[in-house]
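The values are calculated or read from the model by the stated rules, or taken from the named source; none is laboratory data. Remember, it's a predicted structure, so these values are computed and weren't measured experimentally. All Cβ positions, even for glycine, are placed from backbone atoms using ideal geometry, and neighbour counts span all protein chains on display. The protein model used for the area step is the full one, side chains on, heavy atoms only, and it has no ligands, DNA or RNA in it. Shrake-Rupley method; radii C 1.70, N 1.55, O 1.52, S 1.80 Å.
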Amino acid sequence: MPETRFDFGGDEYIYAEISRDMSAESNFKALAIVNELRERNIPGIVDIVPSNASYLVRYNPEILSPRDLLDYLKEIDITKSDPAQLNLSIRMVEIPTWYDDPISRQYSERFKNRHQEPGLSNFEFAMKANGFTDKEAFIEAHSRMPNLITMVGFLPGTAWGFPLGLAPGEIIQTPKYLSPRTHTPRQGVGIGGAFTVVYPVNGTGSYQLIGMSAVPVYDADKRLIDLEDAYFLARPGDLWKHRPIDEQEYNRIVAEVEQGTYRYHMKQIDFSPQEYVMKGKAYIQELMEGF
């Protein structure tokens, strides 16, 4: 695993950079360290925030000295540098997605003056950017493997999903808007770089909109049983699998959500970063069996 670089951020923060380049392996290490820190419940630590290939720790210097905290972090970092020691208990979650839907096409038209190619919808632009001419082939390429939720932030509950099990040339990658939209639909599915997000609420955004999630990733009213203990669906370390659906199924699921009867399709799995490093796509396919 890469060697972590530590920096002090003022009097209350330590920033740990595992790698400057995004990789699943770096995120596995960040997740394992953050989980270990939370389990230790060290007095003086106020907050711990994981990111794509780094993490941030906020502490109270009146309770915990920065040097003592740094020693804790370095000690944990050493124990989490071996992939064999990074087994994670995570969830696989299904996101039913209506690709190339009327809503995302409408937003493509509405904000075309901010786009690289105003004559194309976001979906068409993403296809072109990745060399696809067939719509169904693009949808299959985007949805066939799950995304690792590497971090949560920006708008509350926004989860960054990085594709697992794919060779670099297989990963869908798309530039963001030249200038961000002033409005983005709640539950819009967007791609920026190699990351896929589901927008939790209406707001600004610059990722290319390729579809709509039928299910919320933020439930302010706590209508759904699976979100009773949290407003947000996403947890760092989740694997989210987009499942293509049509208009009829989209409307059916939306109705279930509105009635409060929808249950997310998810399962708890034991994830081995070492096996992932060794097997790649084959290991992810094993995890998806029966899902």
Charge dipole of the chain built from unit charges on the beta carbon (Lys, Arg +1; Asp, Glu -1), centred at mean Cα; most positive-end Cα among 115, 85, 148 is 115
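Largest first and in whole Å, give the semi-axes of the chain's equivalent ellipsoid, each being the square root of 5 times a Cα gyration tensor eigenvalue. Intermediate results must be reported in sequence, preceding the final value.
Working: eigenvalues 224, 85, 83 Å².
So the three semi-axes of the chain are 33, 21, 20 Å.
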For the range 124-132, Karplus couplings with θ = phi - 60° (6.51, -1.76, 1.60), whole Hz, Gly/Pro x: 5, 5, 5, 4, 4, 4, 10, x, 9
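Return the carbon/sulfur percentage of the accessible area of the range 5-84, one whole number, probe 1.4 Å, all protein chains in place.
Working: 1850 of 4050 Å².
Answer for the range 5-84: carbon and sulfur cover 46 percent of the accessible area.
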How are the Cα pair distances of the range 191-283 distributed, in percent, across 10 Å bins from 0? 12, 38, 34, 14, 1
Measure of exposure for residue 279: accessible area at 1.4 Å probe, Å² rounded to 10, is 90
Inter-probe distance in nm under a simple model that places probes 7 Å from Cα toward Cβ, at residue 74 and residue 291: 3.8
Just from its helices, what would the mean residue ellipticity at 222 nm be for the chain, if runs of 4 or more DSSP H residues each count -39500 (n - 2.57) and the sum is divided by every residue, rounded to the nearest 500 deg cm²/dmol? -8500 deg cm²/dmol
Which whole-Hz couplings ³J(HN,Hα) result when phi for each residue of the range 24-30 is put into the Karplus expression 6.51 cos²θ - 1.76 cosθ + 1.60, θ = phi - 60°, listed in order with x for Gly and Pro? 4, 4, 5, 5, 4, 5, 4
Spacing of the two label points (7 Å from each Cα toward its C-beta) at residue 65 and residue 274, in nm: 3.7
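Could you give the size of the charge dipole of the range 5-84 about its Cα centre, using +1 on the Cβ of each K and R and -1 on the Cβ of each D and E, expressed in debye and rounded to the nearest 20? Don't skip to the answer; put the middle values down first.
On the way: 9 positive and 15 negative charges, 26 e Å.
With only Lys, Arg, Asp and Glu charged at Cβ, the dipole is about 120 debye.
What percentage of the solvent-accessible surface of the range 182-266, computed with a 1.4 Å probe over protein heavy atoms, is contributed by carbon and sulfur atoms? Please list the in-between numbers first.
Numbers: 1560 of 3520 Å².
Carbon and sulfur together cover 44 percent of it.
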For the chain, what is the accessible area per residue in Å², given a 1.4 Å probe and the full set of protein chains? 47
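How much length is gained on full extension from residue 259 to residue 11, taking 0.36 nm per residue of separation minus their Cα-Cα distance?
Numbers: separation 248, 0.36 × 248 = 89.28 nm, distance 4.83 nm.
Full-extension gain reported as 84.4 nm.
Stokes-Einstein diffusion coefficient for the range 5-84 at 37 °C in a medium of 0.692 mPa s, Rh from the Kirkwood formula over Cα pairs: what value in µm²/s?
On the way: Rh = 12.6 Å.
Rounded to a whole number, D works out at 261 µm²/s.
List the pairs from 74/267; 112/135; 80/279; 29/128; 176/267; 222/267 whose alpha-carbon separation is above 23 Å, in the order I gave them. Could you put the intermediate results ahead of the total?
Values: 74/267 33 Å; 112/135 21 Å; 80/279 20 Å; 29/128 34 Å; 176/267 32 Å; 222/267 21 Å.
Checking Cα-Cα distances, 74/267; 29/128; 176/267 exceed 23 Å.
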Whole-Hz Karplus couplings 3J(HN,Hα) for the range 217-230, θ = phi - 60° and coefficients 6.51, -1.76, 1.60, Gly and Pro as x, run 10, 9, 10, 5, 8, 6, 7, 9, 4, 6, 10, 5, 9, 7
For the chain, modelled as a Gaussian network with Cα springs under 10 Å, which listed residue fluctuates most, 159, 126, 230? 230
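Report the gain in length on full extension from residue 202 to residue 49: 0.36 nm times residue separation, minus Cα-Cα distance, nm rounded to one decimal. Show your work: numbers first, answer last.
Values: separation 153, 0.36 × 153 = 55.08 nm, distance 2.40 nm.
Gain on extension, residue 202 to residue 49, equals 52.7 nm.
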